[in-house]
Amino acid sequence: MWISRDLTLDPRSRGFHLVTDEVEAAVPELRELAAGLLDVHILHTSASLTLNENASPDVRADFRSWFDRAVPEDAPYWRHTLEGPDDMPAHIKASLLGPSLTLPVRDGRLALGTWQGIYLCEHRDRGGPRSLVLTLHGE
Amino acid sequence: MWISRDLTLDPRSRGFHLVTDEVEAAVPELRELAAGLLDVHILHTSASLTLNENASPDVRADFRSWFDRAVPEDAPYWRHTLEGPDDMPAHIKASLLGPSLTLPVRDGRLALGTWQGIYLCEHRDRGGPRSLVLTLHGE
Amino acid sequence: MWISRDLTLDPRSRGFHLVTDEVEAAVPELRELAAGLLDVHILHTSASLTLNENASPDVRADFRSWFDRAVPEDAPYWRHTLEGPDDMPAHIKASLLGPSLTLPVRDGRLALGTWQGIYLCEHRDRGGPRSLVLTLHGE
C-alpha cells in the first residue's frame with residue numbers, strides 16, 4: 001500500500017505545538033497495516049517537525065526559550081534580513097530540527113513511545129497555514 | 001519484505017555510545033535484501049540517535065562536551081525542572097539530533113560510509129534501558 | 001520499484017551548496033512513480049544534508065556564519081584535534097543537520113515546497129568529493 005496525501009495545518013503562533021492527533025486522523029488507512037512507515041514532510045523552510053514530550057506545556061515553552069537564544073534575531077552577521085528579523089533565524093531553526101519525520105507503524109497504529117508527540121515547530125511570528133505531505137506505505 | 005522488530009539497549013551512562021553491531025545483529029534478514037531501507041526509531045524523548053565517526057572515542061567525548069555547553073542545565077529560563085536538571089536539556093538535545101535514522105541497505109549489508117557508526121545519544125544521567133523499533137523493508 | 005544508486009558530488013568549498021538538480025538527475029526513474037520516497041544518504045561524518053531556501057545565496061552564507069559561531073574551532077575542550085581544527089566542529093555540525101533526507105515523490109516528481117532545495121553542507125575546508133547513496137522506491 002502506498003498513500004500520498006496532503007494535510008494543511010491551521011496557522012499557529014510562534015512556538016511548538018502538538019499535532020499528533022491531526023496527523024493520525026489524516027491517514028486512517030494506517031489501521032490496516034501490520035507493519036509500515038509514515039513519512040511526514042513539511043513543505044516550508046521556516047517551520048519544521050520534531051518528536052518530543054507530549055505532556056507538559058512547559059517543555060514546549062522551554063523549547064522556544066532555548067531556540068530563540070541559540071539563534072538570535074539581532075546577530076550582526078545576518079545578511080538575509082529583507083523578510084524581517086524572524087526570518088533568517090527561522091531558516092536555521094528549521095534545519096536544526098529538520099523537515100520530516102519517519103514514523104514506524106505496527107498493528108494498525110503509530111508505534112511511538114508513550115511520551116512521544118509530533119511537534120509542529122513554527123519559527124515565524126506569522127507563518128500562516130502550513131502544508132504537509134504524508135506518505136504511508138506498508139503491508 | 002517488511003519486518004518490524006523491537007530492540008532494547010542496556011542502560012548506558014550519559015554520553016554517546018556506538019551501537020552499530022547491536023542494531024545490525026537484531027535484523028539478520030537484511031542479508032537477504034539486494035536493496036532496501038532500515039528505519040531505526042528510539043521510543044524516548046530524552047535520548048536520540050545519530051551517525052558519526054566510529055573510530056576515535058575522543059570524538060564521542062567531544063560530542064558530550066559540546067552538547068552540555070550548548071544546552072546548559074542551569075539556564076535561568078527553564079520552567080520544566082521537576083524531573084531534575086538533566087531532563088529539560090535532554091529533551092532539547094534529543095530533538096537536535098533526532099529520534100530516528102533511515103539507513104540504506106544494499107547487497108545484504110547496511111550501506112554506511114567507512115567511518116559511519118550508529119550512536120546512541122544518552123542525554124540523562126540515569127536513562128535506564130532504551131527501547132528501539134526497527135523497521136526493515138526492501139527486496 | 002526499488003533502485004539503489006551511487007552519486008558522487010564534486011568537491012565544494014566549506015559552506016552550503018544547492019544540489020537539488022544533481023540529485024534529481026541521478027534518479028530519472030522517479031518520473032515513473034505515482035507515489036514514493038527518495039532517501040538521500042551521505043556516506044561521510046563531516047558533511048551533511050538539509051533542505052532549505054533555494055533562492056537567496058545570502059541564506060546559505062548566513063548558515064555558514066551561524067554554524068561557525070555555534071561550533072567554534074578554537075574551543076578549549078576539544079580532544080579530537082589530530083585531523084585539524086575544522087574536523088571536530090565538522091562532526092558536530094554533521095550530526096546537528098543529519099546524514100540523510102527522506103523526500104516524498106508524487107506524480108513523477110519530488111514533492112518539495114516551492115522554496116525547498118537540497119543543500120550539501122560541507123563542513124571541512126577541503127572535504128573532497130562526497131559520496132551519496134540514493135534509494136528510490138514507490139509504485
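Miscellaneous remarks
- Phi-based couplings in Hz for the stretch A:44-50 (Karplus 6.51, -1.76, 1.60; Gly and Pro marked x): 9, 10, 10, 8, 8, 10, 8
- Cα-Cα separations in the stretch B:1-76 greater than 14 Å, expressed as whole percent: 71
- Accessible-area rank, largest first, for B:Ser100, B:Ser95: B:Ser100, B:Ser95, with all protein chains present and a 1.4 angstrom probe.
- Convex hull of the protein assembly as shown built on C-alpha atoms - directionally averaged projected area, nm²: 17.8
- Karplus (6.51, -1.76, 1.60) ³J(HN,Hα), θ = phi - 60°, over the stretch C:9-17, in Hz, Gly and Pro reported as x: 9, 4, x, 10, 5, 4, x, 10, 9
- Each copy carries a label point for C:Asp6 at 7 Å from Cα along the beta-carbon vector; from one copy to the others these points are 4.0, 4.0 nm apart, nearest first.
- Based on Cα contacts under 8 Å between residues 6+ apart, chain C shows a relative contact order of 55 percent.
- Sequence ranges B:45-53, A:12-20, ranked by mean other-Cβ count within 10 angstrom, highest first: B:45-53, A:12-20
- Per residue accessible area in Å² of chain B, where ligands, DNA and RNA are left out and the probe is 1.4 Å: 37
- With the helix formula -39500 (n - 2.57) applied to DSSP H stretches of n ≥ 4, chain B reaches a computed 222 nm mean residue ellipticity of -7000 deg cm²/dmol.
- Using a 7 Å Cα-to-Cβ projection, B:Thr81 label spacings across copies, nm, ascending: 3.5, 3.5
- Remark: the stretch C:117-122, residue by residue, has Karplus-estimated 3J(HN,Hα) of x, 7, 9, 7, 9, 9 Hz, where x stands for each Gly or Pro and the curve is 6.51 cos²θ - 1.76 cosθ + 1.60 at θ = phi - 60°.
- Distances between copies at C:Arg31, taken between label points 7 Å from Cα along the C-beta direction, are 4.1, 4.1 nm in increasing order.
- Between the residues A:Ala90, C:Leu33, B:Trp2, the greatest Cα displacement towards the positive end of the dipole of the protein assembly as shown, with unit charges on the Cβ of Lys, Arg, Asp and Glu, is found for A:Ala90.
- Shown here for the stretch C:93-139: trypsin sites (Lys or Arg not before Pro) in loop regions (DSSP other than H, G, I, E, B) with at most 13 other Cβ atoms within 10 Å, namely C:Arg126.
- Relative to the longest principal axis of the Cα atoms of chain A, the long axis of helix A:87-97 makes an angle of roughly 40 degrees.
- Neighbouring Cβ atoms from other chains, within 10 Å of the Cβ of residues in A:27-38, number 2 on average.
The values are calculated or read from the model by the stated rules, or taken from the named source; none is laboratory data. Because the structure is predicted, anything quoted here is derived from the model rather than measured. A quick note on method: Cβ atoms are made from the backbone with ideal geometry, for glycine too, and the neighbour counts reach across all protein chains shown. Each accessible area value is taken on the protein alone, full model and side chains, heavy atoms only, with ligands, DNA and RNA left out. Shrake-Rupley method; radii C 1.70, N 1.55, O 1.52, S 1.80 Å.
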